[in-house]
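Enquirer: Sharing a structure here in structure tokens format.
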Amino acid sequence: MTRRRQLLAAATLAVALCAGYLSATIGHRLDHGSSWWHGADAEFRTEGPRTEVRFAFNPGGQITFGASIRNPGPSPVTITGIAVNEGPANQHVFKIARLTANHADESTAVMFDPTAATPFPSIRVGAGMELPVFATIRVPDVETAPGSGLFFDDLAVDYDVLGLPRHQRVPMGFRLSVLSPNGYVPR
């Protein structure tokens, strides 16, 4: 009888540990950080709770912006990839031309410094920390109507938490708009 109770207790403990692990990893969510960045080629405006960063529509041109990704914890994560769009890469409206990051540790504040940014590898982000990233995207050569534009307000982020790969759309904390005031027809 004692052996049977030991096996039952061990099995119960194993199930509880597995359930706790899955709950901790599946429930772990990233969030937008405390800051963002844009170059002099953009303007921004805030109306109520929404901030919009606006760039001019320039087909085939490039736009660079920065957003920070916050890991609210309680476990560290390793960010393994960032995209602007979901789905297959050949169907993305915006293509990432370059992805770089500034490193922030516990002793420094989140800072956006394009000159100090390094190419994006997989990066570990501790609990409660933020990762500032710069994305340079290509503006697609697509037809637009006068006064229309393209926009997005989140990033598709791949990350590992406690060894389990995860994927999430992480809000940037602002809406990025590429506006075409006069419209455009590809030649």
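Enquirer: Using a 1.4 angstrom probe and counting only protein chains, how large is the accessible area of THR118 in Å², to 10?
Expert: Spelled out: THR118, probe radius 1.4 Å, area about 60 Å².
Enquirer: Also, I was wondering about something else. Starting from the Cα-Cα distance between ASN58 and ASP158, subtract it from 0.36 nm times their residue separation and give me the gain in nm to one decimal.
Expert: Values: separation 100, 0.36 × 100 = 36.00 nm, distance 2.91 nm.
Once the chain is fully extended between ASN58 and ASP158, it gains 33.1 nm.
Enquirer: For the range 124-168, give the percent of accessible area contributed by carbon and sulfur heavy atoms, probe 1.4 Å, rounded to a whole number.
Expert: C and S fraction of accessible area: 52 percent.
Enquirer: Moving on to the next point. Which residues' amide hydrogens lie under 5 Å from the amide hydrogen of ARG98, considering only partners 5 or more residues apart or on another chain, with H built in the peptide plane?
Expert: THR136
Enquirer: Follow-up question, since we're still on this one. Quick one: the Cα spread of the range 35-87 along its three principal axes, in angstroms, biggest first?
Expert: Largest to smallest, the principal-axis extents are 40, 31, 22 Å.
Enquirer: A further question on this structure: Above 23 angstrom, tally the Cα pairs of the range 60-187 and express them as a % of all pairs, no decimals.
Expert: Result: 36 percent of Cα pairs exceed 23 Å.
The values are calculated or read from the model by the stated rules, or taken from the named source; none is laboratory data. The structure presented is a predicted model; accordingly, all values stated were derived computationally and were not measured. Note: accessible area is taken over every heavy atom of the protein model, side chains too, but ligands, DNA and RNA are not part of it. Shrake-Rupley method; radii C 1.70, N 1.55, O 1.52, S 1.80 Å.
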